[in-house]
Amino acid sequence: MRNFLLTIFWLLNIGSVVQLAVIVSALWAVYSGLYSFSSLDVSAFVTEMIPRLTWLKDFLVSILGDLGHWVLALPILFVAPMKLLGGTLIGVWIYTAARNMPAESASE
């Protein structure tokens, strides 16, 4: 179980690096004047800045319906830091739980 939790922890760390890259690219788009804070929503970010992820927009709408449209209308500079904060908090919780578990031997 400890190895599983540590794997999840490291996957969350990789996701946090990706979220930081999203935040930096969105900040650059706002800073350079291509978009304003409110006009750079999740939908615009996914379809115009990273066109390879347009399938993600369709997937989100098909899974969440109207809630998916609402999420896509939120500014990316609001959503990305919330995802980063949530992933960090879950990662700290998982790491704390894994740290308190005994190490597993290779023979088990």
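Just checking, how many residues over the stretch 62-108 are free of Cβ contacts under 8 Å to residues at least 24 places away in the same chain, assigned to a helix (DSSP H, G or I) and more than 14 Å from Val46 (Cβ to Cβ)? Number satisfying all stated conditions: 15.
Restricting to the stretch 7-32, count the residues that are without any contact (Cβ under 8 Å) to a residue 12 or more places away in the chain and in a helix (DSSP H, G or I). Selection size over the stretch 7-32: 10.
Go through the stretch 33-57 and give me each residue that's in a helix (DSSP H, G or I) and surrounded by fewer than 12 Cβ atoms within 10 Å (Cβ to Cβ). Result: Pro51, Arg52, Trp55.
Is there a residue in the stretch 95-105 that is among the acidic types (Asp, Glu), under 25 Å from Leu5 (Cβ atoms) and in contact with a helix residue (DSSP H, G or I) (Cβ under 7 Å, 6 or more places away or on another chain)? Yes, there is a match, as at least one residue in the stretch 95-105 is among the acidic types (Asp, Glu), under 25 Å from Leu5 (Cβ atoms) and in contact with a helix residue (DSSP H, G or I) (Cβ under 7 Å, 6 or more places away or on another chain).
Rule-based calculations on the coordinates, nothing more; no lab input. Note that the structure is a prediction, hence the values are computed from the model and not measured. A quick note on method: Cβ atoms are made from the backbone with ideal geometry, for glycine too, and the neighbour counts reach across all protein chains shown.
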